[in-house]
Amino acid sequence: MRPIAILALSALLQSAGPTQAETVRVRTERGFGHAWLHVSQDGICRIATPAHVVAKADGTLSDAIVIDRRGFEREALNPVQPDPDVDLAFLDVATTEKDRICTNSRLGLDRLDARLESWREGFLTTSVEGETRTMRVERRAASMDERAGAVFAVVPMRREDRIVQGMSGSAVLDATAEATPLGLLIEAVEEDNLAIALRFDIVKALASHRTRNEAPRRAERAILETAIGATPDPAEGPRNLLRPGALWRVAPVAGRVRVVLRFPEPISFSRIEVERTAAPGASVPDALEISIAPLSGAGAFRSVGFCRADPGSERLACRTPPVTASSLQLTFSGPREAEQFAIGPLTLD
């Protein structure tokens, strides 16, 4: 790596005042970790940290204490893990109007694909006794990447540098003058002297979904894509299956129809109900499997519920654990010999 790049990043980190977004220490009842301090899109001073850093023994999330580079301590409250499949949580940092610990957000770029395609070397920033420390790191081979490309691995470039427990929540930056955040450490593998980092564009995407004691959004509209099955007449395709009175005729494949609903905003629900509306020449589905995709957009759909209609019932009513999703996959099944299914309006709450 060129000396000028090293000097540029070192100068940036050393000159950053207390208002600069930065890596900070986090203290909980169970120990220490790290977090990335920033201002959110809604103007709240927050930290992003691996969820396990603030997890209690029972798996719930706890409040924490944030320790900045000056050694000042502040409470971090209202922990939220936007996606249960991603080891990431956000907490609000208690500040006053005169407290300048946070300024404009530095959660980085919306998409890092192009940057990570060519990126090989950078810096790991951590905090030791209130002092920012940097470690030169390089990316491990792309073949080592896991979890649908959501994470990447880094190792120290100097043999004497070590990856140790307690570094989770530290940030990986590129070596440009802007020091663009690339990843947030979510795992330290001491025996391999290796760290696993969650891409910062995923951190940024999940930050936009972080809610603060808001009521769950009710689904009112969604884009519907057919994965299995076909609409006999495109003109009769669904306008909005979330609207009362909606009815969709669709040709199943071996008794199955699969659709994907993509919502403009993430929605929270724990129940899905589908009216089994009779229609001439059509059968009604008698079972439904519900799957959701990670809010980050990286990863496959996972099943969260299955239900079967009682004989003669006018609706399919499925319970799920409380979940939040922006993409929902519904797999309807019924008689294998059916030429058409009639699928009535959906209700999510």
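Numbers at a glance
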{"item": "Complete set of residues in the range 164-173 that are touching a Phe, Trp or Tyr at 6+ places or on another chain (Cβ under 6 Å) and either within 18 Å of Glu117 (Cβ to Cβ) or not assigned by TED's automatic domain parsing to the domain that holds Asp87 (or both)", "result": "Leu173"}
{"item": "Selection from the range 289-308 of residues that are crowded, with 18+ Cβ neighbours inside 10 Å, among the hydroxyl-bearing types (Ser, Thr, Tyr) and under 15 Å from Phe269 (Cα atoms)", "result": "Ser291"}
{"item": "Residue tally, condition part of a strand (DSSP E or B), in contact with a Lys or Arg (Cβ under 8 Å, 6 or more places away or on another chain) and without any contact (Cβ under 8 Å) to a residue 60 or more places away in the chain, over the range 154-185", "result": "5"}
{"item": "Residue within the range 277-288 that is modelled with pLDDT under 85, part of a strand (DSSP E or B) and either in contact with a Lys or Arg (Cβ under 7 Å, 6 or more places away or on another chain) or crowded, with 20+ Cβ neighbours inside 10 Å (or both) present", "result": "yes"}
{"item": "Candidates Pro321, Pro311 - the one that is part of a strand (DSSP E or B), surrounded by fewer than 18 Cβ atoms within 10 Å (Cβ to Cβ) and out of contact with any Lys or Arg (no Cβ under 8 Å at 6 or more places or on another chain)", "result": "Pro321"}
{"item": "Pair list, Cβ < 8 Å and 6+ apart or interchain, from the range 281-296 residues that are in contact (Cβ under 8 Å) with a residue 40 or more places away in the chain to residues that are aromatic (Phe, Trp, Tyr) and surrounded by fewer than 23 Cβ atoms within 10 Å (Cβ to Cβ)", "result": "Ala287/Phe306; Leu288/Phe306; Glu289/Phe306; Ile290/Phe306; Ser291/Phe301"}
{"item": "Residue that is nearest to Asp68 (Cα to Cα) [pool: residues in the range 23-41 that are free of Cβ contacts under 8 Å to residues at least 40 places away in the same chain and not basic (Lys, Arg)]", "result": "Thr28"}
{"item": "Checklist (1) touching a strand residue (DSSP E or B) at 6+ places or on another chain (Cβ under 8 Å); (2) farther than 17 Å from Thr226 by Cα applied to Ala342, failing item", "result": "(2)"}
{"item": "Residue match in the range 192-211 (condition: at pLDDT 90 or above, among the small types (Gly, Ala, Ser), farther than 20 Å from Arg319 by Cβ and not in a loop (DSSP other than H, G, I, E, B))", "result": "yes"}
{"item": "Where a residue in the range 60-87 is free of Cβ contacts under 8 Å to residues at least 40 places away in the same chain and under 18 Å from Leu185 (Cβ atoms) and its partner, wherever it lies, is in a strand (DSSP E or B) and of a type in the set (Ser, Thr, Tyr), with Cβ under 6 Å and at least six apart", "result": "Ala64/Thr28"}
{"item": "Checklist (1) modelled with pLDDT of 80 or more; (2) over 30 Å from Ile202 (Cβ atoms); (3) assigned to a loop (DSSP other than H, G, I, E, B) applied to Ala300, failing item", "result": "(2)"}
{"item": "All positions within the range 93-152 that are among the β-branched types (Val, Ile, Thr), over 18 Å from Val26 (Cα atoms) and modelled with pLDDT under 80", "result": "Thr96, Thr103"}
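The values are calculated or read from the model by the stated rules, or taken from the named source; none is laboratory data. Since the model is a prediction, treat every value here as computed from it, not as a measurement. Don't worry about glycine lacking a Cβ; one is built from the backbone with ideal geometry, like all the others, and counts go over all protein chains shown.
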